[in-house]
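Nothing in this text is a laboratory measurement; each read-out follows from the coordinates by a stated rule. Being a predicted model, the structure only gives us computed values, none of them experimental. Using ideal geometry, Cβ is built from the backbone for each residue, glycine included, and neighbour counts are taken over all protein chains shown.
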Amino acid sequence: METLDAVVVGAGAIGLAIARALAMRGREVVILEAEDAIGTHTSSRNSEVIHAGIYYLKGSLKARSCVQGKELLYEYCVTHGVPHRRSGKLIVAADESQLAELENIQKKARANGVTDVVSLTRAQALALEPELSCVAALYSPSTGIIDSHALMLAYLGDAQAHGAMLALKSRLERILIRDNFFEVRVAGSEPIAARIVVNSAGLRAPTVARNIEGFPARHVPRELYAKGNYYSLTRRSPFSRLVYPIPEPGGLGVHLTLDLAGQARFGPDVEWVERIAYDVDPRRAERFYAAIRRYWPGLPDGALAPGYAGIRPKTAGPGEPAPDFDMQGPKTHGIAGLAHLFGIESPGLTASLALAEAVANELS
């Protein structure tokens, strides 16, 4: 068998960032991707937001990797010419009953070291965004937007410049744990021997883990899918900043985001599904109008058109507490050279460089 230093399974933002980190440390890396292009699932079907690190439990991997990753990502975008903008974000309380939760969100932000989030009165919020409706708001100036595909191309370029290889249409069939290496079997190819294997397969990461012979089943979480539908505004946006409601179970609520051209889109909602499919039902837009009009009452009838959909890789189901990112290395499962990343949903894009460094450090 051909012997390599490392095999990274999955060419989304996380997998590419990890491959880059390993290659820059002198590892010989191959990235296996089942699809015919990089980042075709969660990494390119999201809000493309650089998150500040506001919502997450203090000390959690989500909080730590988001706050660290945000700083690394902004610096990376500048040095590598990745299109982005520090757009800022307003989190709004639609009525008096949400003021306590707004205060809790600010406390979480401060606990995570995000000290630039400021409270705004209704008048101050409307001075920034006159079309807004709220009783109070938080303003996060370090929230931004990014071209996720350009970011992934930059990660891939760095990795390839340091010798990494990308293998598209390379579906992993099985991995066998040998005495001092992993035997990696890919459909239609000869087996590969690798000293390091990183499972960053996103939505299918639990499936990949179950296909590693000898890996303890107790460490493999459930593989659950929460679809998020997005709808585009068919006219010019009156907003120049992102607008988020108070979070809802399973997500951050139907929020308004902007792309780098200023086009507004709304979403995602939370739709638990059994399979991976990205169709958007135009009829679901009906329930968006009421949610959006809580903070933008001026939304005209018929102004939303189906945009796109993404799927969050979940490890907990409806009504269950949102789990932390699950990064499992040898310290967790005891198998040298093996790392898994489970349930890397939002803010995974923001956290990608920080998570990559954490994986590379544990496997070095």
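Overview of values
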item: Most fluctuating residue given options Val270, Val67, Val78, as computed from a GNM of the chain linking Cα atoms under 10 Å; result: Val78
item: Computed FRET value (nearest 0.05) for Ala127 with Ala217, which takes r as the C-beta separation and R₀ as 56 Å; result: 0.50
item: Percent antiparallel among DSSP beta bridges (both partners in the chain, rounded to 5); result: 65 percent
item: Protection-proxy order for peptides 27-33, 138-144, 281-287, 206-212, each taking the mean of Cβ atoms within 10 Å per residue, highest first; result: 27-33, 138-144, 206-212, 281-287
item: Whole-Å distance, taken between Cα centres, linking the stretch 318-361 and the stretch 109-170; result: 20 Å
item: Net dipole in debye of the chain [+1 Lys, Arg Cβ; -1 Asp, Glu Cβ; about Cα centre; nearest 20]; result: 400 debye
item: Packing-based order for 103-111, 40-48, using average beta carbon neighbours within 10 Å, highest first; result: 40-48, 103-111
item: For the chain, built as a Gaussian network whose Cα springs stay under 10 Å, the top-fluctuating residue of Val254, Val280, Val118; result: Val118
item: For the chain: lysine pairs under 20 Å (alpha-carbon distance), excluding those fewer than 8 apart on one chain; result: 15
item: Peptide ranges 291-297, 350-356 listed from the most packed, as the mean C-beta count within 10 angstrom indicates; result: 350-356, 291-297
item: Nearest 10 degrees, 0 to 90: helix 61-80 Cα axis against the chain principal axis; result: 90 degrees
item: Sequence-separation-based contact order of the stretch 291-345, relative, with Cα cut under 8 Å and 6+ spacing, percent; result: 30 percent
item: Under-5 Å amide H pairs with Leu4, H placed in peptide plane, nonlocal only; result: Ala193, Ala194, Arg195
item: Separation of alpha-carbon centers, the stretch 183-261 and the stretch 270-314, rounded to whole Å; result: 19 Å
item: The stretch 1-105 - percent relative contact order, Cα under 8 Å, separation 6 or more; result: 17 percent
item: ³J(HN,Hα) computed for each position of the stretch 147-160 - Karplus, 6.51 cos²θ - 1.76 cosθ + 1.60, integer Hz, glycine/proline x; result: 8, 5, 5, 4, 5, 5, 5, 5, 4, 4, x, 4, 4, 5
item: Folded to 0 to 90 degrees: helix 13-24 orientation relative to the chain principal axis, Cα; result: 50 degrees
item: Relative contact order for the stretch 170-247, counting Cα pairs under 8 Å that sit 6 or more residues apart, in percent; result: 22 percent
item: Listed residues His80, His340, His255, most fluctuating in the chain (Gaussian network, C-alpha, under 10 Å); result: His80
item: Karplus 3J(HN,Hα) series, Hz, for the stretch 348-358 with 6.51 cos²θ - 1.76 cosθ + 1.60 (x for Gly, Pro); result: x, 4, 4, 7, 4, 5, 5, 5, 4, 5, 5
